[in-house]
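**Q** Below: one structure in structure tokens.
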Amino acid sequence: MALGLPAGRLDAPPSPGRAGEVPTAGLTMNWVQSRRVWLVAALLLIGLEFHVLGLGRGMDQRLSDQLTRHAAYQHPADPDIVLVTIDDASLNRLAPVLGRFPWPRGVYAELIELLSQFDPKAIVLDVLLTEPDALRPAQDRALAQTLAGCPSCYLPLLLLRNEREQVAAGFDLASLAPQLGLEAAGAQASHPPMLLPVRELIQPGQVGAVNVPLDPDGLLRQYRRRWRAGAWWVPSLPWQVVKNWRPATGSAAPADDLVRLRWSAGTPGWSSYGFATVYEGLINGQDAWSSRLTDKLIIVGATASGLNDFHHTPLGHHTPGMDVLATAARGWWRDDFYRSLDAPMLWGLKWALVLGALACVMLARRWLVSVLLTAGLMMVTLIVMRQAFVGGWYLPLGHAVLIGLSVLIIDLIRRYLVTRQQRQAIRQHFGRFVHPEVVSQLMGMPDVRADARVGRRVPVTVMFSDIRGFTTFSETRSAQVVFNALNGYLERQTAVILRHGGTIDKFIGDGIMAFWGAPLADAHQCEAAVAAACEMLAEAERFSQEWAEELGEPFRIGVGLHQGEAIVGFLGSADRLDYTAIGDVVNLASRIEGLTKGLAPVLVSDTVRKQCDAKRRFTPMGAHTVKGRAEAVELYAPN
């Protein structure tokens, strides 16, 4: 049975469509499979998240807090800063003598005089003394006299920012500026609400603000060098201390008003002693305190649970206020704040990291490689961040790490969608032509699927078969009998072909075209095709016996086989596609099948015979001339 195709055009590749490819319906690349679409969408979303949404900034802050906490345990406290704590033990020990807190201010005067004998760098009394002691005015005078004779003693003030805390009338800072050591900030109202120490306790340049700048989530991570109060700049207390007693360091300290604190939480920690222990020890003249207090920066402040001088910091929810002062003072004294990259450099680093992750997922062909590359890049980034924090560099790349991991997750989803779509397309298109096991193998072979879209030249073994005298049979039987018989016959023959690894090309009336060697390569394709042809003969006989009453006479079939190169792929329109083979091998196989009528039920070319198993025997059927070929073709019949 001939196909009637022009022999001269069978070797030509399929002509491209409008887009330059053969129409392949579900196999064509759509937006799900288009990397360009995903790349553009990813860049737009990354830019939107970086510069507009900022959904991952909270995670970035939490990661930075963890790294800050880790670095704090490797960053020892300054041994030249001593903390004298008004703790719970001191309140209980001194209660019989001093009564309940707040204590008489004379005890502070006495402690300052005792500490001054050790020539400390500075003494910071971190206790708000905003109201005169009406019951013991002599105590205020004693403390004022002590402070006047101690140029290195400092007191805190508090700026009131909350309207509910505002006092009825603020202070006229214009008159207090020289005494407080303020700097002019502009021509604004000069009566800001604040809590100042009792006026007689204030000494020029020995007062500073203890306000803290909280981030939007309520954590204290940074500190201000100065605060704006109306028309004046009010220095923070630790900056005032460092600026006054170390002017060289003060002038060289960072000019930024906002600095990032570099905490200490490891061993050794701050040199800390209870107020009662220091007070009683100095009164009793213990010599051990000389080495502990000489030439130190001494901060006296509250750590007792009931005095509520705690802050929420990266170290925890109960960081004492005097620890904050010590950390800030150490920062300006030792130039020991976290350093940061310039904004353009930091953004460049973030974008480089995210684009690196994007390159990993876009260039990696396999999902596991994509995961390993991207995860490795993120891990290296986290290690660099950790070391940067330990080394005193604030490197907030957590947001970029989160986006990079999100890019990986989105790419894995994309790969899953692409794979599922390709599997559906493979099942839809190849499922009609090959055995289900072959379909399963094709799902893991993207190269074969890609070749099917544009066609490829491969060696195949082509089979043609048809029923002898079927035209006469169909004219003498009812349509129902003809269709039932033909469908039953084709179903059985198809099962035989698929069982032997063949690919069904098409049904041509009562004829079948099939081939071996595509879409999966098969080194034993000729042997499989001959085995299938022999079984098809046996299956036709069984079918004829079962349908003897309806058929009247048995089906006689002819099968022709030839092996050679063909162009294999999907051909057709976007609405209808067939996986087919075209080429001279197809024409010759069809001509060989036509010669079976007078020779043998199964005929194969010499090319097929030579590539079959050596154990298989063939009977030579001579050389025969076929239409369209000048040379005769040697034919054989399998035994």
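**Q** For the range 532-537, in order, what is each residue's ³J(HN,Hα) by Karplus, 6.51 cos²θ - 1.76 cosθ + 1.60 with θ = phi - 60°, in whole Hz (x at glycine and Pro)?
**A** Residue by residue, the range 532-537 yields 5, 5, 5, 5, 5, 4 Hz.
**Q** Something else: Efficiency by 1/(1 + (r/R0)^6): what FRET value for residue 69 and residue 506, r their Cβ-Cβ distance, R0 = 60 Å, to the nearest 0.05? Show your work: numbers first, answer last.
**A** Numbers: r = 71 Å, r/R0 = 1.19.
Plugging the Cβ-Cβ distance into 1/(1 + (r/R0)^6) gives 0.25.
**Q** Another one. Put a dot 7 Å past each Cα toward the Cβ at residue 97 and residue 198; how far apart are the dots in nm?
**A** About 2.1 nm separates the two model spin labels.
**Q** Within the range 86-340, what percent of beta bridges assigned by DSSP are antiparallel, to the nearest 5? Before the final figure, lay out the partial values.
**A** Values: 16 of 28 bridges.
That works out to approximately 55 percent antiparallel.
**Q** Ok, one more. What are the residues whose amide H is under 5 Å from the amide H of residue 505, where those residues sit 5 or more places off or on another chain and H is modelled from the backbone?
**A** Placed amide hydrogens put 513, 514, 515 under 5 Å from residue 505.
**Q** Show the residues, 5+ positions off or on another chain, whose built amide H is closer than 5 Å to the amide H of residue 455.
**A** Here the answer is 570, since their amide H atoms fall under 5 Å of that of residue 455.
**Q** What is the distance in Å between the Cα centres of the range 49-92 and the range 295-322?
**A** Using only Cα atoms to place each centre, the spacing works out to 13 Å.
**Q** Which residues does the label zone of residue 565 cover in the range 579-607, counting backbone N under 12 Å from a point 7 Å along Cα→Cβ?
**A** Residues 584-585 qualify, since their backbone N sits under 12 Å from the label point.
**Q** How big is the antiparallel share of DSSP beta bridges in the range 537-612, given as a percent to the nearest 5?
**A** Numbers: 6 of 9 bridges.
In the range 537-612, DSSP labels about 65 percent of beta bridges as antiparallel.
**Q** Can you send over the solvent-accessible area of residue 389, 1.4 Å probe, protein chains only, in Å² to the nearest 10?
**A** 0
**Q** If you roll a 1.4 Å probe over the heavy atoms of the protein chains, what accessible area per residue do you get for the range 86-340, in Å²? Provide the component values of the computation, followed by the final result.
**A** Details: 11290 Å² over 255 residues.
Using a 1.4 Å probe on heavy atoms only, each residue of the range 86-340 averages 44 Å².
**Q** Amide H neighbours of residue 566 under 5 Å, at least 5 residues apart or on other chains, H built in the peptide plane: list them.
**A** The answer is 458, 460.
**Q** Now a separate question. For the range 444-638, which whole percent of the accessible surface, found with a 1.4 angstrom probe, sits on carbon and sulfur atoms? Can you show the working numbers first?
**A** Numbers: 4340 of 8760 Å².
Carbon and sulfur together cover 50 percent of it.
**Q** How much length is gained on full extension from residue 135 to residue 627, taking 0.36 nm per residue of separation minus their Cα-Cα distance? It would help to have the intermediate numbers written out before the result.
**A** Numbers: separation 492, 0.36 × 492 = 177.12 nm, distance 12.97 nm.
Taking residue 135 through residue 627 to full extension adds about 164.1 nm, to one decimal.
**Q** Run the simple label-point estimate for residue 410 and residue 384 please: 7 Å along Cα→C-beta, distance reported in nm.
**A** 2.2
**Q** Given a 1.4 Å probe and the protein chains all in place, what does the accessible area of residue 597 round to, in Å² to the nearest 10?
**A** Result for residue 597: roughly 150 Å² accessible.
**Q** Whole-Hz Karplus ³J(HN,Hα) for the range 101-113, in order, using 6.51 cos²θ - 1.76 cosθ + 1.60 and θ = phi - 60°, x for Gly and Pro?
**A** 6, x, 7, x, 6, x, 5, 5, 4, 5, 5, 4, 5
**Q** By how many nm would the segment from residue 419 to residue 490 lengthen if fully extended, with 0.36 nm per residue of separation less the alpha-carbon distance? Present the calculation step by step, with values, prior to reporting the outcome.
**A** Numbers: separation 71, 0.36 × 71 = 25.56 nm, distance 3.31 nm.
Using 0.36 nm per residue and subtracting the Cα-Cα distance, I get 22.3 nm.
**Q** In whole angstrom, note down how far apart the Cα centers of the range 369-426 and the range 195-228 are.
**A** 43
**Q** Of the peptides 316-322, 632-638, how do they stack up when ordered by the mean number of other Cβ atoms within 10 Å, highest first? Mind showing how you got there, number by number?
**A** Details: 316-322: 17.3, 632-638: 19.1.
Most protected by this proxy first, the peptides run 632-638, 316-322.
**Q** Let's test the formula: R0 of 60 Å, r as the Cβ-Cβ distance of residue 291 and residue 53. What FRET efficiency results, to the nearest 0.05?
**A** 0.60
**Q** Under the 0.36 nm per residue contour assumption, what length would be gained going from the current alpha-carbon distance of residue 550 and residue 308 to full extension? List each step's numbers first, then the result.
**A** On the way: separation 242, 0.36 × 242 = 87.12 nm, distance 10.23 nm.
Extra length available between residue 550 and residue 308 comes to 76.9 nm.
**Q** Using only the heavy atoms of the protein chains and a 1.4 Å probe, how would 80, 140, 119 rank by accessible area, largest first? Mind dumping the intermediate values first?
**A** Details: 80 45, 140 5, 119 110 Å².
From most exposed to least exposed: 119, 80, 140.
**Q** Right, another one. From the backbone phi of the range 140-153, what are the Karplus-calculated ³J(HN,Hα) couplings (6.51 cos²θ - 1.76 cosθ + 1.60, θ = phi - 60°) in whole Hz, Gly and Pro given as x?
**A** Calculated HN-Hα couplings, in order: 5, 5, 5, 5, 4, 5, 5, 5, 5, x, 10, x, 10, 9 Hz.
**Q** Provide the percentage of antiparallel DSSP beta bridges, counting only those with both residues in the range 444-638; round to the nearest 5.
**A** Working: 36 of 39 bridges.
So the antiparallel bridges in the range 444-638 amount to around 90 percent.
**Q** Once the whole set of protein chains is in place, how much accessible area is left on residue 406, using a 1.4 Å probe, in Å² to the nearest 10?
**A** 50
**Q** Mind giving me the nanometre distance, one decimal, between the label points for residue 541 and residue 375, set 7 Å out from Cα along Cα→Cβ?
**A** So the label points at residue 541 and residue 375 sit 6.0 nm apart.
The values are calculated or read from the model by the stated rules, or taken from the named source; none is laboratory data. The model shown is predicted, which means the values in this text are computed figures rather than measured ones. We place every Cβ from the backbone using ideal geometry, glycine too, and count neighbours over all the protein chains shown. These area figures cover heavy atoms from the full protein model, side chains too; ligands, DNA and RNA do not enter into them. Shrake-Rupley method; radii C 1.70, N 1.55, O 1.52, S 1.80 Å.
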